[in-house]
Amino acid sequence: MGDMKDQGGYIAPALNGTGHTWHHPDAVIFKIIQEGSIAEDSPMRGFDEKLSDAKIVASIHYFKSLWPKEILNRHKEMIQH
Ligand code: HEM
């Protein structure tokens, strides 16, 4: 994940379809928001104490609504394979 580091710290990926988030299946995205990054030095913490499961799902729906159709299609295909 070296390319995601900036000035010594991880930078948060854009969730609007321009970042690499769509390479992850929904279940992985859910888990990252719930439990935080698997990278120990990442600033991405879990939000399980702040967001209910339903709110995590709602936030995923929201940022996926920003993804271009092309990205959504590729995301769907990736999950099937
Ligand atoms: C203080 C606030 C936040 C910081 C500093 C932060 C930072 C980061 C960083 C550095 C990553 C890179 C992945 C990694 O390190 O393994 C990441 C990933 C991610 N973050 Fe956050 N984040 C924050 C808040 C949020 C919130 C509020 C959400 C959504 C509700 C969110 C959703 C995600 C998702 C889905 C990923 C995985 C996406 C990917 O790997 O492309 N983050 N975040």
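Taken as a whole, region 33-40 holds at least one residue that is modelled with pLDDT of 95 or more, in a helix (DSSP H, G or I) and within 10 Å of the chain's Cα centre (by Cα). Against the numbered list (1) in a loop (DSSP other than H, G, I, E, B); (2) modelled with pLDDT of 95 or more, ILE29 comes up short only at (1).
The values are calculated or read from the model by the stated rules, or taken from the named source; none is laboratory data. From a predicted model like this one, the values you see are computed outputs, not experimental measurements.
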